[in-house]
Amino acid sequence: MGKINKAVIPVAGMGTRLLPATKSIPKEMLPVIDKPAIQYVVEEAVASGLEHVLMVTGRNKAVIENHFDRAVELESSLLEKGDIQRLKSVESATNLADIHYVRQGDPLGLGHAVMMAETFVGNEKFAVLLGDDLIGSREKLLLEMKKVSLLHNANVVALMQMPAHELNKFGVARIGKSISQNVFDIDGFVEKPALGEEPSNYAIIGRYVLMPGIFKVLKETEASSGGEIQLTDALNHMALNPSVAGPVIGFVFTGQRYDIGNRLDYLKTIVRMAVDREDVQDEFTTWLKSITSTS
């Protein structure tokens, strides 16, 4: 329990909010500047000391495995041309982490996808990273969450304050007592609450550090009306019954988070990340100002 070095990344979703682009390309492989979104997530995991990664995949996701595999012909071609910079960028994805894959099969929800990781995780704490949420490369969110989990021997969920009109898209926390700055006990969760029924304005974002006891809880969690097993439902049960699988603590994140879950957020993410990236920011910002000033 003293070390957290495993990450689970569910990538089995169909990405329906980004159709038709995601009809044949997984949303996790949509490019954000010059890398697919999923690579940013794996890079974040590795930078946080999560050396072993399990991706929970589904149908039509083989392209994700291909991206993190060797591309011998491409590498040889770049080497022959002396294009070392692009060769290094291609090889970086291959050498990022110790990556494993398991097929979810039926799309039975995020909770079911996490259950698929039980053999990989064993009796260890682990992190879950969702591909819809990209965290700024200079942020230390998962490192801080790992520290909180180890200090309090608890499950830790990343939270962000959201505008009231957006809370119905998220699981929303019922905040308990303050433990320390930005760290709170959680008294429960409400999944996608109706307007006016939100227990707070703190929504779950796609980063979790979990204890292995969650697998037992997930197995006993009833499917929702849509036939899916919701991770939020399991966490709510754990928050209400801390003795079952450990307490649930919320870590409030105030840094850079980018969302690629729908078309508008995807476009915003590309612009915001380009403005923040040193190798393109000056030229891109100048161009962006020029088109916005004339529109």
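Only one of (1) assigned to a helix (DSSP H, G or I); (2) more than 26 Å from Met115 (Cα to Cα) is not met by Arg70, so which one is it?
Failing condition for Arg70: (1).
It is to be established whether one or more residues within segment 97-112 are touching a residue at least 40 places away in the same chain (Cβ under 8 Å), assigned to a helix (DSSP H, G or I) and out of contact with any helix residue (DSSP H, G or I) (no Cβ under 6 Å at 6 or more places or on another chain).
Start the filter on segment 97-112 by keeping residues that are touching a residue at least 40 places away in the same chain (Cβ under 8 Å), which leaves 97-105, 107-112.
Filter once more, keeping what is assigned to a helix (DSSP H, G or I): 110-112.
When the remaining residues are screened for being out of contact with any helix residue (DSSP H, G or I) (no Cβ under 6 Å at 6 or more places or on another chain), the result is 112.
Yes, segment 97-112 contains at least one residue that is touching a residue at least 40 places away in the same chain (Cβ under 8 Å), assigned to a helix (DSSP H, G or I) and out of contact with any helix residue (DSSP H, G or I) (no Cβ under 6 Å at 6 or more places or on another chain).
What's the total number of residues in segment 192-238 that are of a type in the set (D, E, K, R), within 25 Å of Glu44 (Cβ to Cβ) and surrounded by fewer than 23 Cβ atoms within 10 Å (Cβ to Cβ)?
The initial filter retains those residues of segment 192-238 that are of a type in the set (D, E, K, R), namely 192, 197-198, 207, 216, 219-220, 222, 228, 233.
So of that shortlist, the ones also within 25 Å of Glu44 (Cβ to Cβ) come out as 207.
Remaining after also requiring surrounded by fewer than 23 Cβ atoms within 10 Å (Cβ to Cβ): none.
Adding up the residues that qualify gives 0.
So, of the residues in segment 198-222 that are β-branched (Val, Ile, Thr) and farther than 30 Å from Gly255 by Cα, which turns out to be modelled with the highest pLDDT?
If we take residues in segment 198-222 being β-branched (Val, Ile, Thr) and farther than 30 Å from Gly255 by Cα, then Val217 is modelled with the highest pLDDT.
Considering only segment 25-36, I want to know if a residue exists there that is surrounded by 15 or more Cβ atoms within 10 Å (Cβ to Cβ), in contact with a helix residue (DSSP H, G or I) (Cβ under 9 Å, 6 or more places away or on another chain) and either more than 25 Å from Lys268 (Cα to Cα) or among the acidic types (Asp, Glu) (or both).
Yes, segment 25-36 contains at least one residue that is surrounded by 15 or more Cβ atoms within 10 Å (Cβ to Cβ), in contact with a helix residue (DSSP H, G or I) (Cβ under 9 Å, 6 or more places away or on another chain) and either more than 25 Å from Lys268 (Cα to Cα) or among the acidic types (Asp, Glu) (or both).
When the residues of segment 75-126 are narrowed to those that are among the small types (Gly, Ala, Ser) and surrounded by fewer than 19 Cβ atoms within 10 Å (Cβ to Cβ), which ends up nearest to the chain's Cα centre (by Cα)? Break it down into steps so the answer makes sense when it comes.
First, pick out the residues of segment 75-126 that are among the small types (Gly, Ala, Ser): 76-77, 82, 89, 92-93, 97, 105, 109, 111, 113, 117, 122.
Within this subset, residues satisfying the condition of being surrounded by fewer than 19 Cβ atoms within 10 Å (Cβ to Cβ) are 76-77, 82, 89, 92, 97, 105, 122.
Details: Ser76: 33, Ser77: 34, Gly82: 36, Ser89: 22, Ser92: 20, Ala97: 16, Gly105: 20, Gly122: 21 Å.
The extreme case among them is Ala97.
Go through Gly250, Gly255 for me and flag whichever is at pLDDT 90 or above, under 19 Å from Ala158 (Cβ atoms) and not in a loop (DSSP other than H, G, I, E, B). Break it down into steps so the answer makes sense when it comes.
Details: Gly255 fails: not in a loop (DSSP other than H, G, I, E, B).
Just one listed residue meets the conditions, Gly250.
Taking into account only those residues within segment 166-197 that are within 19 Å of Pro247 (Cα to Cα) and part of a loop (DSSP other than H, G, I, E, B), which is modelled with the highest pLDDT?
So in segment 166-197, the residues within 19 Å of Pro247 (Cα to Cα) come out as 171-191.
Filter once more, so that each one left must be part of a loop (DSSP other than H, G, I, E, B): 181-182.
On the way: Gln181: 89, Asn182: 92.
Among them, the one singled out is Asn182.
The values are calculated or read from the model by the stated rules, or taken from the named source; none is laboratory data. Here the structure is a predicted model, which is why all the values come from computation and not from measurement. A quick note on method: Cβ atoms are made from the backbone with ideal geometry, for glycine too, and the neighbour counts reach across all protein chains shown.
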